[in-house]
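The values are calculated or read from the model by the stated rules, or taken from the named source; none is laboratory data. All figures in this text were calculated on a predicted structure; none of them were measured in a lab. Quick reminder, even Gly has a Cβ in these numbers, built from the backbone with ideal geometry, and neighbours come from all protein chains shown. Each accessible area value is taken on the protein alone, full model and side chains, heavy atoms only, with ligands, DNA and RNA left out. Shrake-Rupley method; radii C 1.70, N 1.55, O 1.52, S 1.80 Å.
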Amino acid sequence: TDGHHMLRAARAAHVASPRTRRFASRSLSMRAITAAEQKLVLAEHPTPVPGEGQLLVDIHATAVNRADILQRCGHYPPPKGATDILGLEMAGVVHGTDRRVMAILSGGGYAEQVALEEELLMDIPSSVTTTQAAAVPETWLTAYQLLFLVGKATAGDSVLIHAGASGVGIAATQIAVRHGLRVFGTCSENKIKGCRGRGMLDAFDYRAEGGFAPSLLSATGGRGVDVILDCVGAAHAEQSGKVLAQDGRWVLYGLMGGAKLPAGSTLLASLLSKRASLLTSTLRSRDVAYKAELTRQFAQNELPHFASGEYKVVTDSTFPLEQAQEAHERVESNLTEGKVVIRVRS
């Protein structure tokens, strides 16, 4: 319609000075997705108004994270002060420019525009498409944080990555291999080949009879691993305790397999006897200063390896914004290998 074209033209002209942008934004709207009754709702929302030190970004793509599914189901509300629009990462273009950028978010990725601090932006490497870039920020920054800032991994350490074919698992594998770690993982049987192909010394079917612990202990000569990256929790806990090496670091960042240990569990005694550390971490609720420093470190130390081709972005599938519900269902199927991307603009 003529009205639709006029709105698009107004958006395109919406550059000018920060003051002009700030006032003009109030009269514009954008498509965005929130959640209601465990369903995703696509509707018109006010365009965000950039604050001091922020830029407005036109989002081209975002990606699905487990936290999005939890939020949709009412189990993971956004942090205080964050938007209720879903989406923890995005890739797009700084409004009014041709600068391609990507970033982690506290929310707001399932939308046509977002306002965020400039220090959270990373430039997209020339070898990575904008759609691929949507699969980078949350998973790769999380993996880097868990390995080095939380898990204190160093060259020569051995690491076990649960959900090795997940977005974080795939990113953590590539980062760990490049940094000289010995990498093992758990996954379903049909994903073992892919995990090995990305550099794991071995991957184990967590559903195999007897579990993964005997095979992993055999592969490490009975020593176990120095670091565990665990997004599963209770379902793998007893076996994880068995394979953690003396003075090991167990990094828990998710509870996909539950939060409650069985009655009579001796896990704490096992950890104590090994002088092991149980560490926990989430990224979404961290403050801007922490996220900015994490972004700076990652951009400096890891981002160049996308351009060189050493790091590969692995995506499972891509859905348009109108099919975000189907994108969630794809992730919930547990059949994915890599990230599920939502294309916001065609």
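For the stretch 270-324, the dipole from Cβ point charges (+1 on Lys and Arg, -1 on Asp and Glu) about the Cα centre works out to 380 debye, to the nearest 20. With K and R counted +1 and D and E -1, the other residues having a Cβ less than 14 Å from that of GLY257 yield a net charge of +1. Under the shape rule built on the C-alpha gyration tensor, where the axes satisfy a ≥ b ≥ c, the stretch 243-294 is oblate, since a/c reaches at least 1.5 while a/b does not exceed b/c.
In plain terms, the C-alpha convex hull of the stretch 53-126 casts an average shadow of 5.0 nm² when viewed from every direction.
Measuring nothing but how far apart in sequence close Cα pairs (under 8 Å, 6+ apart) lie, relative to its length, the chain scores a relative contact order of 16 percent. Here is the list for the stretch 45-107: trypsin sites (Lys or Arg not before Pro) lying in DSSP coil, each with at most 14 other C-beta atoms within 10 angstrom of its C-beta, are LYS80, ARG99. Contact order for the stretch 107-174, expressed relative to its length and based on alpha carbon pairs under 8 Å spaced 6+ residues apart, stands at 28 percent. With the charge dipole of the chain set up from +1 on Lys and Arg Cβ and -1 on Asp and Glu Cβ about the Cα centre, the Cα lying farthest toward the positive end among the listed residues GLY81, LEU217, GLN132 is that of LEU217.
Here's how it looks for ILE342: its modeled amide H is under 5 Å from those of THR62, ALA63, VAL64, PHE319, which are all 5 or more places away or on a different chain. The lysines whose alpha-carbon is closer than 24 Å to the alpha-carbon of LYS193, local same-chain residues fewer than 8 away aside, are LYS312, LYS339. Where only DSSP H runs of four or more residues are counted, the chain gives -8500 deg cm²/dmol as its mean residue ellipticity at 222 nm, each run worth -39500 (n - 2.57). Amide H to amide H, with H built 1.01 Å from N, SER158 comes under 5 Å of ARG182, ASP226, VAL227, counting only residues 5 or more places away or on other chains. Restricting the stretch 295-346 to GluC sites (Glu not before Pro) that sit in a DSSP loop and have at most 10 other Cβ atoms within 10 Å of their own Cβ leaves nothing.
Working from Cα pairs under 8 Å separated by at least six residues, relative contact order for the stretch 177-327 is 14 percent. Compared with the dominant Cα axis of the chain, that is its longest principal axis, helix 288-301 is turned about 70°. This model, with +1 at the C-beta of Lys and Arg and -1 at the C-beta of Asp and Glu, gives the chain a dipole about its Cα centre of some 300 debye.
Counting only protein heavy atoms and a probe of 1.4 Å, the accessible surface of the chain is 53% carbon and sulfur. With unit charges on the beta carbon (Lys/Arg positive, Asp/Glu negative), name the residue among ILE33, LEU321, LEU303 whose Cα is farthest towards the positive pole of the charge dipole of the chain. My answer, from the dipole projection, is LEU303.
Assuming charge only on the beta carbon of Lys and Arg (+1) and of Asp and Glu (-1), the dipole of the stretch 72-159 about its Cα centre is about 200 debye to the nearest 20. Summary of the geometry: the stretch 188-204 and the stretch 216-280, compared by the centres of their Cα atoms, lie 20 Å apart.
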